[in-house]
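Q: One structure, as structure tokens, below. Some questions next.
The values are calculated or read from the model by the stated rules, or taken from the named source; none is laboratory data. Owing to the predicted nature of the structure, the values given are computational and were not obtained by experimental measurement. Here the Cβ is made from the backbone with ideal geometry for all residues, glycine too, and neighbour counts use every protein chain on show.
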């Protein structure tokens, strides 16, 4: 095989190899591409921001010796029993169906070990997950698969899902190969048949009717459970204002890098806005209502490191949620499965066919043999380890900025490396006082 | 980055001497804050504030501070950190007719608290972090808290490093953060309570040799009333 660069061959930027392969695939099959993961294109992100550590005008805190607290209370606006989490890093909603029961249990174990919450998904609550999760957020989705009042009451919080960052405006998908008898039973659907979830709720649309729905959920749960509203990041400023107007205790904003188990590629890459662009819009909305830090903001979509956690919180998030990163912590895309990834046409670092149910790591599958590869106890340990590292990293950065609590990080602690990130995050370009777009 | 001093007289016989006792205290803090200085004195007519750019000695002389009488004085010499060197940015910050705050240190979350206050219609007039604390305390007092409670609220809301001295004409309160890195010393006799960033600012006070001298503990409000 010749080396294209050596041979003077030039690849088209517009029609690159991935684009050519996509056109060829479409021409051969006549169907659109469905995959998992989130947006893979490069978008302005937390890596484009830097923190201003303390030196002379501010004083840093000593690592290991001086405290930097991490706890967060979620949902104390109206709920009798708000969640009090030890760390502001939660596990995002992922369904049983998309993930194996073992994976869901492992996420619950990991979250519980470090005192944070995990979240159900489309398809209901499994006993394994409830049993292993100290703080379990129950998603209330348009499909209502597996929804019942008993599980609502068994949850520690309720998350009304309007959308997710990977597909704002779209419903979920679960392809037939992952609809086992158990998954089908929980959703009251036939096994083995492709399933589409609704893109909007059956009994309400918009904030006026959501107000009624939230009151109904509060009545069912005796006004004890925090009620979250989750939106995919698009018109975030308006969506957050309306979620608050409808009575949300917590707003969850999921940027376009947020993951999915199965969505059209065209949807994942072309709908929604980056997490970085969404946070300032959400914070502005809460600020204008006088409710920033009173209605809590959870941000997800591309959180990977403690730096991402610190920067999201500096921009005004009260907590973050991780999905894709948690799956990677469980073993997703691990090089140990290189041969098996190759056998299904993928490779470690590239695998995103979560819809197919043939996950060598046993995470995004309902195949009993594959699912058995993931030990929920060992998986939980890995998730807990990862959450600990995220927390320690975020504390390291917060202490450097002189903060005795992660929540005291502020936008003023940030600068941007690029004009795009400066404009989106509304922080100055590094070394300047210029915030592009302000004053226009 | 700053020096702070305060004098709270218990013995009315010393009141004519307030300025004479206070000026050496402020001048002793010149090395900690050569950019600007400010002070407030309290007498029967209320609080009188002087702030100016320059050396404490020149500012005290220009306003004849040594001749002032009264029962309380608080002063500050400033080495600016992140905000401008102007008389407006000089301490004390006096958001109420009888409230003066001086601060040594650097808050690390004042931008967020500034935004919260602004939403409530409480605007700061400078970008100085210390003004945020002054207006925060003023809000607490206006809402009915007493000065000690207001100072305890500072501990809950403000992050960073601070030694604060706050006076209200009737009260005199000192508070340090949990790290207690910014220096402070309090001297108390039957005649007065005096506070300074460094001991040598107190060295010329009458009876200092027999005074009870303490270094304020972290996160404890020390308050005196008259």
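Q: Does region A:204-234 hold any residues that are surrounded by fewer than 24 Cβ atoms within 10 Å (Cβ to Cβ), closer than 27 Å to residue A:267 by Cα and touching a residue at least 40 places away in the same chain (Cβ under 8 Å), and which are they?
A: If the condition is that a residue be surrounded by fewer than 24 Cβ atoms within 10 Å (Cβ to Cβ), closer than 27 Å to residue A:267 by Cα and touching a residue at least 40 places away in the same chain (Cβ under 8 Å), then A:210, A:234 are the ones that fit.
Q: Given the criterion touching a strand residue (DSSP E or B) at 6+ places or on another chain (Cβ under 7 Å), farther than 24 Å from residue A:281 by Cβ and buried (at least 18 other Cβ atoms within 10 Å of the Cβ), identify the matching residue among A:390, A:370.
A: Going through A:390, A:370 in turn, the sole match is A:390.
Q: If you take just the strands (runs of 3 or more DSSP E) that sit entirely in region A:255-345, which of them hold at least 1 residues that are out of contact with any helix residue (DSSP H, G or I) (no Cβ under 9 Å at 6 or more places or on another chain), at pLDDT 95 or above and buried (at least 21 other Cβ atoms within 10 Å of the Cβ)?
A: A:296-300, A:319-322
Q: For region A:393-422, how many residues are touching a strand residue (DSSP E or B) at 6+ places or on another chain (Cβ under 7 Å), part of a loop (DSSP other than H, G, I, E, B) and under 18 Å from residue A:55 (Cα atoms)?
A: Counting residues in region A:393-422 that are touching a strand residue (DSSP E or B) at 6+ places or on another chain (Cβ under 7 Å), part of a loop (DSSP other than H, G, I, E, B) and under 18 Å from residue A:55 (Cα atoms) gives 3.
Q: Here's something else I'd like to know. Checking residue A:285 against (1) within 17 Å of residue A:239 (Cα to Cα); (2) away from chain B (no Cβ under 14 Å): exactly one of these is not met. Which one?
A: Going through the list (1) within 17 Å of residue A:239 (Cα to Cα); (2) away from chain B (no Cβ under 14 Å), residue A:285 breaks only (2).
Q: Still on this model: Please specify each residue of region A:384-414 satisfying the condition of being within 14 Å of chain B (Cβ to nearest Cβ) and farther than 10 Å from residue A:61 by Cβ.
A: If the condition is that a residue be within 14 Å of chain B (Cβ to nearest Cβ) and farther than 10 Å from residue A:61 by Cβ, then A:397, A:405, A:406, A:407, A:408, A:409, A:410, A:411, A:412, A:413, A:414 are the ones that fit.
Q: Now for a different question. Quick check on residue B:139: is it in a helix (DSSP H, G or I), over 16 Å from residue B:163 (Cα atoms) and away from chain A (no Cβ under 14 Å)?
A: Yes; evaluated as a whole, the condition is true for this residue.
Q: Which of the residues belonging to region B:1-52 are assigned to a helix (DSSP H, G or I), modelled with pLDDT under 95 and surrounded by 19 or more Cβ atoms within 10 Å (Cβ to Cβ)?
A: Once the filter is applied, which keeps residues that are assigned to a helix (DSSP H, G or I), modelled with pLDDT under 95 and surrounded by 19 or more Cβ atoms within 10 Å (Cβ to Cβ), region B:1-52 yields only B:32.
Q: Assess whether residue B:94 counts as being closer than 15 Å to residue B:167 by Cβ, in contact (Cβ under 8 Å) with a residue 12 or more places away in the chain and not in a helix (DSSP H, G or I).
A: yes
Q: Looking only at strands (runs of 3 or more DSSP E) that lie completely in region B:158-208, which have at least 3 residues being away from chain A (no Cβ under 14 Å) and in contact (Cβ under 8 Å) with a residue 40 or more places away in the chain?
A: In region B:158-208, the matching strands (runs of 3 or more DSSP E) lie at B:160-167, B:171-176, B:192-196.
Q: Okay, next question. Quick test for you: out of B:223, B:180, B:196, pick the one residue that is buried (at least 23 other Cβ atoms within 10 Å of the Cβ) and either closer than 19 Å to residue B:109 by Cα or within 17 Å of the chain's Cα centre (by Cα) (or both).
A: B:196 is the lone residue from the list that is buried (at least 23 other Cβ atoms within 10 Å of the Cβ) and either closer than 19 Å to residue B:109 by Cα or within 17 Å of the chain's Cα centre (by Cα) (or both).
Q: Checking the structure you have, find out if any residue of region B:59-66 is loosely packed, with under 15 Cβ neighbours inside 10 Å and not in a helix (DSSP H, G or I).
A: yes
Q: Quick check on my filter: what residues within region A:113-125 are in contact (Cβ under 8 Å) with a residue 60 or more places away in the chain and over 16 Å from the mean Cα position of the chain (by Cα)?
A: The answer is A:113, A:114, A:123, A:124.
Q: Could you list, in sequence order, the residues of region B:97-132 that are more than 11 Å from every other protein chain (Cβ to nearest Cβ), crowded, with 22+ Cβ neighbours inside 10 Å, in contact with a strand residue (DSSP E or B) (Cβ under 6 Å, 6 or more places away or on another chain) and not in a strand (DSSP E or B)?
A: Passing the criteria: B:130, B:131.
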